[in-house]
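Novice: Dropping a structure here in structure tokens format, bear with me for questions.
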Amino acid sequence: MDNLVSISASEAARRIAKGALSSVSYTEALLARIAEREASVGAWIHIDPAAALAQARAADARPPVGPLHGVAVGLKDIIDTADMPTAYGSPIYAGHRPGQDAPSAAQLRAAGAVILGKTVTAEFATYHPGKTANPHNLAHTPGGSSSGSAAAVADYHVALSLGTQTAGSIIRPASFNGIIGYKPTFDDFNYGGLHALAPSLDTLGVFVRHFEDLTLSRQVMSRSQLVRAPSAPASTAPRIGVCRTPMWDKADADMQEAYLRTVERLGKAGATLVDIVLPPSFTALIEAQTLIFMAEGARHLEREWREQPDLLSPELRALLERGRACSDAAIAEAQALAVQCRAELADILRGVDALIAPAAIGEAPKGLAATGDPLFSRIWTFLHVPCISYPVGRGDQGLPLGVQAIGAHGDDDRLIGTAWWMAEHSAEWTPVI
């Protein structure tokens, strides 16, 4: 494998800025990797090598304009782009050409990035999967709905790719693919120009292989006026809340074992471990988040439901039918519970730097007809807090397992430093396909 495809986006940007690497050479290396692997992995729904190389040549012809200058990245195919199709994972929008870039795509371009193409998404970022396979074992799902973005980073097609999470579509695929997934604090990255599913949950985030690229992503995309994302792990051992969550018994045995082993390693490395039992109110959050997911999904896919229902998958039609049946009173009750639990979680997080919880039920399930269960992400998505998944080992089938670090609302920079420290002191992973 060409070493260029394995470097971080940050390292590529540094080399390009110094003149030690051209954007064209870097882009050509990634395109060669894609040409070698795409037929098997299926991470991309649209890629135009000529257009990508034209962007790279333009980057090489001018001085660096931003922190991603000349670095090729991928975008999940629910993010609008003016110069390439955006189909939202649905035949309804095959060939659709948005009139302008989403703000996130515009931010990447303003930072100098080369938009390599659009990665596969499940239908409208829900559950009906696209063509993508898990690069660690092509018979297994990469997870969803950000399947192509996760697989593209895991398989060295790009070092950074954008995904979204409404239930567990960043954290779960990151765990399944053995990479780092970052779901920022809700609304910290601009979600405009994306096909909305559940606007009170929808969150834009990133997949990377190197923690320093989380810092880079925040510098480019965060709404925060004072981004202080670290360029190194936290300098002191953190206080970590050990939070098995009410769903612990649903985790596979190998995930439970990996989680407990990770916690033990963190303690031996000097972290202060604090057992956290979530308040009783949290037990109802899974059902409440699912209700909001369905109800808002039914509202925001109303036109597609009404005009072209035959082009919706049976899975999505069933979900929308359930969402249409949700009462206003039930929706209000679910949102009120989230408000209560956000306050309770804020109190818990004042005593620790981060929580640690499983990132998924276990390894990526076999088969490509489903994307796995987002169970271990639903409550954190609903509570709007930042989460970072990182790989800690492999399960019984030899596939990746991840844990997630959860931080306080708006405290993403501290979470990055804490999770970086955690990964350096607990991961048992060499990310080689």
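The values are calculated or read from the model by the stated rules, or taken from the named source; none is laboratory data. Given the structure is predicted, the values throughout are model-derived calculations rather than measurements. Every residue, glycine among them, receives a Cβ derived from its backbone with ideal geometry; neighbour counts consider all protein chains shown. For accessibility, only protein heavy atoms count, side chains too; no ligands or nucleic acids. Shrake-Rupley method; radii C 1.70, N 1.55, O 1.52, S 1.80 Å.
Novice: Filter the stretch 52-74 down to the residues that are of a type in the set (Gly, Ala, Ser) and assigned to a loop (DSSP other than H, G, I, E, B), then identify the one that is farthest from Ser222 (Cα to Cα).
Specialist: Of the residues in the stretch 52-74, the ones of a type in the set (Gly, Ala, Ser) are 52, 54, 56, 58-59, 61, 66, 70, 72, 74.
Restricting the remaining residues to those that are assigned to a loop (DSSP other than H, G, I, E, B) gives 61, 66, 70.
Working: Ala61: 28, Gly66: 14, Gly70: 20 Å.
Out of the qualifying residues, it is Ala61.
Listed here are the residues, each with its yes/no results for (1) surrounded by 14 or more Cβ atoms within 10 Å (Cβ to Cβ); (2) among the polar types (S, T, N, Q); (3) in contact with a Ser or Thr (Cβ under 6 Å, 6 or more places away or on another chain); (4) part of a loop (DSSP other than H, G, I, E, B).
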{"site": "Gly270", "(1), (2), (3), (4)": "no, no, no, yes"}
{"site": "Val277", "(1), (2), (3), (4)": "no, no, no, yes"}
{"site": "Thr283", "(1), (2), (3), (4)": "no, yes, no, no"}
{"site": "Ile286", "(1), (2), (3), (4)": "yes, no, no, no"}
{"site": "Thr290", "(1), (2), (3), (4)": "yes, yes, no, no"}
{"site": "Ala295", "(1), (2), (3), (4)": "yes, no, no, no"}
{"site": "Ala298", "(1), (2), (3), (4)": "yes, no, no, no"}
{"site": "Arg306", "(1), (2), (3), (4)": "no, no, no, no"}
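Novice: Within the stretch 1-31, how many residues turn out to be out of contact with any Asp or Glu (no Cβ under 6 Å at 6 or more places or on another chain), within 18 Å of Thr119 (Cβ to Cβ) and not polar (S, T, N, Q)?
Specialist: Count: 3.
Novice: Of all residues in the stretch 198-221 being touching a Pro at 6+ places or on another chain (Cβ under 8 Å) and under 21 Å from Ala423 (Cβ atoms), which is most open to solvent (accessible area, probe 1.4 Å)?
Specialist: Going through the qualifying residues, I end up with Gln219.
Novice: Within the stretch 273-286, work out how many residues are touching a residue at least 40 places away in the same chain (Cβ under 8 Å) and more than 17 Å from Val403 (Cα to Cα). Even if it seems obvious, please write down each step before you answer.
Specialist: From the stretch 273-286, those touching a residue at least 40 places away in the same chain (Cβ under 8 Å) are 274, 276, 278-279, 281-282, 284-286; that's our starting set.
So of that shortlist, the ones also more than 17 Å from Val403 (Cα to Cα) come out as 278-279, 281-282, 284-286.
Selection size over the stretch 273-286: 7.
Novice: Looking at the stretch 7-14, can you tell me whether even one residue there is in contact (Cβ under 8 Å) with a residue 60 or more places away in the chain, assigned to a loop (DSSP other than H, G, I, E, B), among the polar types (S, T, N, Q) and surrounded by 16 or more Cβ atoms within 10 Å (Cβ to Cβ)?
Specialist: Checked against the condition, which is being in contact (Cβ under 8 Å) with a residue 60 or more places away in the chain, assigned to a loop (DSSP other than H, G, I, E, B), among the polar types (S, T, N, Q) and surrounded by 16 or more Cβ atoms within 10 Å (Cβ to Cβ), the stretch 7-14 yields at least one hit.
Novice: Looking at the structure I just gave you, is Gly351 at positive phi and open to solvent by less than 40 Å² (accessible area, probe 1.4 Å)?
Specialist: no
Novice: Right, here's the next one. Restricting attention to the stretch 82-125, which residues are among the acidic types (Asp, Glu) and either more than 21 Å from the chain's Cα centre (by Cα) or open to solvent by less than 10 Å² (accessible area, probe 1.4 Å) (or both)?
Specialist: So in the stretch 82-125, the residues among the acidic types (Asp, Glu) come out as 83, 101, 123.
Asp83, Glu123, listed by residue number.
Novice: Further question on the same structure: Here is a check on your reading of the model: is Pro49 in contact with a helix residue (DSSP H, G or I) (Cβ under 6 Å, 6 or more places away or on another chain) and either open to solvent by 60 Å² or more (accessible area, probe 1.4 Å) or closer than 20 Å to Thr215 by Cβ (or both)?
Specialist: yes
Novice: Right, next: I need every pair where a residue in the stretch 324-339 that is in a helix (DSSP H, G or I) has its Cβ under 7 Å from the Cβ of a residue that is open to solvent by less than 80 Å² (accessible area, probe 1.4 Å) and not hydrophobic (A, V, I, L, M, F, W, C), sequence separation at least 6 or different chains.
Specialist: Within 7 Å, the pairs are Leu337/Ser281.
Novice: How many of the residues making up the stretch 386-405 are more than 14 Å from the chain's Cα centre (by Cα) and either open to solvent by less than 10 Å² (accessible area, probe 1.4 Å) or closer than 22 Å to Ala198 by Cα (or both)?
Specialist: 5
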